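**Student:** Let me give you the structure first, and then I'll get to my questions.
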Amino acid sequence: MPSFSRILLGLFCLLVAILLLAPTLVVIPMSFNGNKSLAFPPVGFSWQWYENFFSNPDWTTSFSNSLIVALIVAVVATVIGTLAAFGVSRAAARTGGLLRALLITPMVVPGVVLAIGIYAVYLDTHLVGTVTGFVLAHTMLAIPFVLIAVQASLEVFDRRLETAASSLGAGRLTVFRTVTLPLILPGVLSGALFAFITSFDEIIVALFITSPYLKTLPVQIYTSITRDADPTVAAVGTLLFIATSLIIIAGLLLGMRRGRT
Amino acid sequence: MTATHDEGLRSAVDRSAFLSRFRPRGAVWLAAPAVLVLLVVLAYPLGIVVWRSFTDPAVGVDNYVWFFQSAVNRTVLQRTFVVAAWVTLVSLICAYPYAYAMTIVGKNVRLALILCVLVPFWLSGVVRTLAWVILLQDSGVINSILRGLGLSPVKLIRTLPGVVIGMTQVLLPFMILPIYSVMKGIDTRLLQAARSLGAKPWKAFLQIYVPLSLPGVYAGAIIVFILSLGFYITPALLGGPRSILLSSLVQNQVLSLLNWGRGGAMGVVLLVATFVLLALAAPLMRQKHTSSRREA
């Protein structure tokens, strides 16, 4: 390729990268704003929005609500999704394919349509504003992500290892516990991480099934944005960004260490 | 001694072969809990939406007649599709060269480019939309830069272009990743072969490389288009009264007007559009996928 078009391509990619990173680049400085305003660039420097996040009960309760819901979802969706991944990849090809298509539909159903349906059901069954209601809805939304992650690691998993283990006398449960699970663990763990994030970040269904007594963090962020220009939102965004980065970097480092040994 | 050991081994292998032959039928049941969850929190709620759209307030297709007869609704429906098409087009224009660049650069630059695609996901979805409010507002970053350059500011917030920009940024990774994963597998020696036979670089690129990359383009485009159709938060926060999309109308009918029938009918229209598109695109993606594999 001629060097001129290479330079053009490089410049274009730089612009796309800026587009991709722009929100992150704006939110972080905004969280240290000295004024209660969302006008850019921020004026002055202060930690007050971080203080507000840690001291204002609106923020702390919604944060702990999200944490509780997301942790339960991560466990439940990972167990159910991993079982489903085994079902899909070990069933006959055609059944498996159909099952897989069925189980990933939550990813393509428009959020609002799903939300009004779930809202209708929850109104009848008194699940609006309950942890059970949130966990059920978020588990459904998280299953596809677990399924995809675990299935990916099952695809590279050599099934003859299971045969070998059972030929040496191991029962099916022992085979699963000592051979299969350790080998697909990276897939299961990343599925759990996806499930956690799906729940922790879910907003559309949450907006419908929330109540004044049970708000999740995204709902609190959304209401804060629509109500006034409060830079606490930027502080929350920055904290979550840092937390996610740390978890992912730790995961990568762990994966690299495992790969090396 | 060896004979019995062998026999024992063979019978164990036979047994496990026997087991694995039986597993296919049994294995499907492992997915039962997941299917149950989907039935309860996906199929049943969607069923209720469809049911109410035909029965609330009266049995019949009144809600659909109302939907398609109202000029406002038709405008919003059309706008939803137009916005989805714009988002898909702009994403494609941004993603294609970017994904291509990812395949030709060195290891470190590639890592940086991949990070740029993944880092946006680390920011909470709602916060990302807030960031776009900050960027696009009248006193926002983009207008400050324009003023700094001596240009006149443009109205971006609460306009359709603003909505398209925000949605494109959110959905861009879903376009870049499938295209990149297909491009990664393209054998570039095919390009060299074409050039050695006298094709100009651009012609070789357009006639060999682009067709081979199409499965990724189709996959990315259909994902972005479908996700755009159902977008709710970004248009709700970045848009104004003249850029309302279908999702906001659904929400308004149900939560503000408590009109489940009409809201449901709109939802069903959105749902049907999504699944019709998926059904149309599925064979396209599959066919192209196998043919490209064969060619490669």
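**Student:** For chain B, set up a Gaussian network in which alpha carbons nearer than 10 Å are linked by springs, and say which option among B:V40, B:V72, B:V224 fluctuates the most.
**Tutor:** Looking only at B:V40, B:V72, B:V224, the largest GNM fluctuation is found for B:V40.
**Student:** Would you mind ranking A:E51, A:E202 so that the residue whose beta carbon has the fewest other beta carbons within 10 Å leads the list?
**Tutor:** Going from least to most buried by this count: A:E51, A:E202.
**Student:** Among A:S211, A:S167, A:S64, which one moves the most in a GNM of chain A with springs linking Cα atoms closer than 10 Å?
**Tutor:** With Cα springs under 10 Å in chain A, the top fluctuation among A:S211, A:S167, A:S64 is at A:S167.
**Student:** With only Lys, Arg, Asp and Glu charged, each at its Cβ (+1 for the first two, -1 for the last two), find how big the charge dipole of the protein assembly as shown is about the Cα centre; round to the nearest 20 debye.
**Tutor:** In debye, rounded to 20, the protein assembly as shown gives about 1640.
**Student:** Once each part is reduced to its C-alpha centroid, what is the distance from region A:51-79 to region B:242-271 in angstrom?
**Tutor:** Computed from Cα coordinates, the inter-centre distance equals 30 Å.
**Student:** Okay, moving on. Helix hunt in chain B: which complete DSSP H runs extend at least 18 Å axially by C-alpha with mean Kyte-Doolittle at least 1.0?
**Tutor:** Those that pass (Cα extent of 18 Å or more, hydropathy at least 1.0) are B:71-104, B:160-184, B:210-229.
**Student:** Quick one: which of B:106-112, A:15-21, A:156-162 comes out on top by average Cβ neighbours within 10 Å, and what's the full order, highest first?
**Tutor:** For the peptides B:106-112, A:15-21, A:156-162, the packing ranking is A:15-21, A:156-162, B:106-112.
**Student:** How compact is region A:103-210 by the rule of thumb for globular proteins, expressed as Cα Rg over 2.2 N^0.38 Å?
**Tutor:** Compactness ratio reported: 1.40.
**Student:** Using only the alpha-carbon atoms, how far is helix A:131-155 inclined from the longest principal axis of chain A? Give it as 0 to 90 degrees, nearest 10.
**Tutor:** Roughly 50 degrees, rounded to the nearest 10.
**Student:** Mind checking the log10 I(q)/I(0) for region B:28-156 at q = 0.10 Å⁻¹? Debye, one equal scatterer per Cα, no solvent, two decimals.
**Tutor:** -0.74
**Student:** Next up: Once Lys and Arg get +1 and Asp and Glu get -1 on their Cβ, which of A:I247, A:L217, A:F200 lies farthest toward the positive end of the dipole of region A:182-261?
**Tutor:** With unit charges placed on the Cβ atoms, the residue in question is A:I247.
**Student:** Shifting gears a bit: Given axes a ≥ b ≥ c from the Cα gyration tensor, I'd like to know whether chain B is rounded (a/c under 1.5), prolate (a/b larger than b/c) or oblate.
**Tutor:** Cα axes put chain B in the oblate bin.
**Student:** Per the helix-only calculation at 222 nm, which mean residue ellipticity applies to the protein assembly as shown, given -39500 (n - 2.57) for every DSSP H run of n ≥ 4 and division by its residues, nearest 500 deg cm²/dmol?
**Tutor:** So the calculated ellipticity at 222 nm is -25000 deg cm²/dmol.
**Student:** In degrees, nearest 10, range 0 to 90: what is the angle between the Cα axis of helix A:111-125 and the longest Cα principal axis of chain A?
**Tutor:** For A:111-125 against chain A, the angle is about 80 degrees.
**Student:** Going toward the positive end of the dipole of the protein assembly as shown, with +1 on Lys and Arg Cβ and -1 on Asp and Glu Cβ, which of A:L14, B:V170, B:N252 do you reach last?
**Tutor:** A:L14
**Student:** Give me P(r) over the protein assembly as shown, computed from all C-alpha to C-alpha distances, binned every 10 Å, as integer percentages.
**Tutor:** Distribution as computed: 3, 15, 25, 26, 18, 9, 3, 1, 0, 0 percent.
**Student:** If you take the charge dipole of chain B about its Cα centre, with +1 on Lys and Arg Cβ and -1 on Asp and Glu Cβ, which of B:L229, B:Q69, B:V28 is farthest toward its positive end?
**Tutor:** After comparing all options, I get B:L229.
**Student:** When the chain is fully extended, how far beyond the present Cα-Cα distance does B:A71 get from B:V276, taking 0.36 nm per residue of separation?
**Tutor:** Result for the pair: 71.5 nm of gain on full extension.
**Student:** Let me ask another. Given 0.36 nm per residue, what is the gain on full extension from B:I104 to B:K155 after removing their alpha carbon distance, in nm?
**Tutor:** Once the chain is fully extended between B:I104 and B:K155, it gains 14.5 nm.
FYI, it's all coordinate maths here, none of it is from the lab. This is a predicted model, so every value here is computed, not measured. Positions of Cβ are backbone-derived with ideal geometry, glycine not excepted, and every protein chain shown enters the neighbour counts.
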